[in-house]
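Contents: one structure, followed by commentary.
The values are calculated or read from the model by the stated rules, or taken from the named source; none is laboratory data. Small disclaimer: the values here were computed from a predicted structure and weren't measured. No Cβ is skipped: glycine too gets one built from the backbone with ideal geometry, and neighbour counts run over all protein chains shown.
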Amino acid sequence: MVKAKVAIIGAGLIGLSTAVCISDSIPDCTVTVIADRFTPNTTSDVAAGVLIPHFYPGTSVHQQKQWYRETFDFLSIICNSPNASEAGIHLISGWQIFKTVPDEKVPFWSDVVLGFRSMTERELKKFPQHKFGQVFTTLKCESPLYLIWLEKRLKENGGQVQVRKLEDLWELYGSYDIVVNCSGIGSRKLIGDLEIYPIRGQVLKVHAPWVTHFIRDGDGLTYIFPGIHSVTLGGTREKDNWNLAPDSSNSKNILNRCCALEPSLQAAKDIQVKVGLRPTRCAVKVQKETLVRGNEKLVVVHNYGHGAGGFSVHWGTAKEATQLVKECIAALQQPRCKAKL
Ligand SMILES: Cc1cc2nc3c(=O)[nH]c(=O)nc-3n(C[C@H](O)[C@H](O)[C@H](O)COP(=O)(O)OP(=O)(O)OC[C@H]3O[C@@H](n4cnc5c(N)ncnc54)[C@H](O)[C@@H]3O)c2cc1C
């Protein structure tokens, strides 16, 4: 049987994980990742990469929890294997703290992470400005290491990569049977989706190896996430701001806020500033679409719009996009479509 040709647009976390998932589970296809930016120059490289879900108001809680659990389980297996350090996956424990007691003291993901509980009065003494807190252990991806590892896995499965900027998905017509759109914020221009917008995030990556527990303010604005090579200090959330240039007043403000939570960070060294644009939508778009131009049809599977939570749900959405690709291949292999393959 002739293999279906699948092109994945995007080499960030979503494109590479979707490409690996497809190449792992669909033997009768070839996979090519096409992108204008690869690691270390994607949004995904900037992220802290911690598995704490971001809430998507347009996606059901049931669906979000399923994606989160699938991602947690997938990464747990890697974390418990000899591949953990090469893939940059590790467990991380710490505190999520709140200045006012939240309505939802037990979030929907509390039974996915490990050892979730409320903080004791004694633990809260470290944070005198905060009234309530949660303790748990989750997983963290060291973003560039994980992207490199995914790309390596894709190539081991026979997948290919191509550096190329697309102006229009129709440029791939005739060369590929199925196009998987994982272009993140690029989808605004590439497919004209005006529902996607950037939320600018600036973070500092610092050397402070004595910091081993994470601290996240429940407002999501201030966080300290220790990783393998550095500690990520955040952050900012600026809707519709496309500016990728570091802002020195943002950096000062981030450092002040993080030092207020963990004063020892005043001694942090080697401060690097990174900026990324969270590809934000009301709901993540994982969907099939057939584009039509006269008599020509282009089969597309979308997987984009992961906003502030791509790392937390990426394997779940990759699995769902893979299922849609399987359905498209099955439809193309129906007798009347066979000539196209
Ligand atoms: C500061 C910050 C901290 C974060 N922290 C976390 C966290 O701790 N946990 C968490 O779960 N999430 C976090 N996130 C969110 C996470 O980083 C994103 O959800 C995720 O990286 C999105 O991945 P992506 O692959 O969709 O996008 P990207 O990484 O931006 O990749 C998009 C790809 O598409 C390609 N592309 C786009 N348009 C075109 C085109 N026209 N032609 C060719 N190629 C194209 C690009 O070149 C790129 O390769 C954070 C984000 C930021 C900014």
| query | Here is a list of conditions, (1) more than 16 Å from the ligand (Cβ to nearest atom); (2) touching a His at 6+ places or on another chain (Cβ under 6 Å), and G94 meets all of them except one; can you say which number that is? | reply | (1)
| request: Go through (1) charged (D, E, K, R); (2) away from the ligand (no atom under 12 Å from the Cβ); (3) under 19 Å from the mean Cα position of the chain (by Cα) one by one and return the number of the condition D217 breaks. | output: (3)
| task | Could you identify the single residue in C258, C282 that is farther than 19 Å from L169 by Cα and either small (G, A, S) or outside any strand (DSSP E or B) (or both)? | result | C258
| task | Identify the single condition in (1) assigned to a helix (DSSP H, G or I); (2) without any contact (Cβ under 8 Å) to a residue 24 or more places away in the chain that S251 does not satisfy, given that it satisfies every other one. | result | (2)
| task | Specify which of the listed residues (L298, L265, L277, L291) is in a strand (DSSP E or B), within 30 Å of H130 (Cβ to Cβ) and of a type outside the set (V, I, T). | result | L277
| field | First in region 43-72 and farther than 18 Å from G220 by Cα and in contact (Cβ under 8 Å) with a residue 12 or more places away in the chain, second anywhere and in a helix (DSSP H, G or I) and of a type in the set (D, E, K, R), Cβ under 8 Å, 6 or more apart | value | W67/E320; E70/K319
| field | Filtered residue count, region 1-21, keeping only those that are in a helix (DSSP H, G or I) and more than 10 Å from the ligand (Cβ to nearest atom) | value | 3
| query | In region 46-60, what residues are over 14 Å from T232 (Cα atoms), within 11 Å of the ligand (Cβ to nearest atom) and among the β-branched types (V, I, T)? | reply | I52
| message | Return the residues of region 222-246 that are part of a loop (DSSP other than H, G, I, E, B), free of Cβ contacts under 8 Å to residues at least 60 places away in the same chain and among the hydrophobic types (A, V, I, L, M, F, W, C); say none if nothing qualifies. | response | W242, L244, A245
| request: Can you give me the ranges of the helices (runs of 4 or more DSSP H) entirely in region 51-167 with at least 2 residues that are within 17 Å of the chain's Cα centre (by Cα) and closer than 29 Å to G186 by Cβ? | output: 61-79, 143-156
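Select, from G186, G201, the only residue that is part of a helix (DSSP H, G or I), within 9 Å of the ligand (Cβ to nearest atom) and touching a residue at least 40 places away in the same chain (Cβ under 8 Å).
Among G186, G201, only G186 is part of a helix (DSSP H, G or I), within 9 Å of the ligand (Cβ to nearest atom) and touching a residue at least 40 places away in the same chain (Cβ under 8 Å).
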| request: Name every residue in region 66-94 that is under 16 Å from F116 (Cβ atoms) and either buried (at least 18 other Cβ atoms within 10 Å of the Cβ) or at pLDDT below 95 (or both), in order of residue number. | output: Y68, F72, I92, G94
| request: Give region 110-169 a look and list any residue that's touching a residue at least 40 places away in the same chain (Cβ under 8 Å) and small (G, A, S), or say none. | output: S143, G158, G159
| query | Can you find even one residue in region 279-299 that is away from the ligand (no atom under 11 Å from the Cβ), buried (at least 22 other Cβ atoms within 10 Å of the Cβ) and free of Cβ contacts under 8 Å to residues at least 40 places away in the same chain? | reply | yes
| Sole residue being away from the ligand (no atom under 16 Å from the Cβ) and modelled with pLDDT under 95, chosen from E123, E156, E104 | E104
| request: Name the single residue, out of those in region 218-241 being among the acidic types (D, E) and touching a strand residue (DSSP E or B) at 6+ places or on another chain (Cβ under 6 Å), that is nearest to D45 (Cα to Cα). | output: E238
| Mind checking whether some residue in region 28-45 is surrounded by fewer than 24 Cβ atoms within 10 Å (Cβ to Cβ), part of a helix (DSSP H, G or I) and within 12 Å of the ligand (Cβ to nearest atom)? | yes
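So is S25 more than 16 Å from the ligand (Cβ to nearest atom), surrounded by fewer than 19 Cβ atoms within 10 Å (Cβ to Cβ) and hydroxyl-bearing (S, T, Y) or not?
Yes.
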| For region 301-339, how many residues meet the condition of being modelled with pLDDT under 95, assigned to a helix (DSSP H, G or I) and farther than 17 Å from V31 by Cα? | 6
| remark: For region 308-328, the count of residues that are within 14 Å of the ligand (Cβ to nearest atom) and buried (at least 21 other Cβ atoms within 10 Å of the Cβ) equals 11
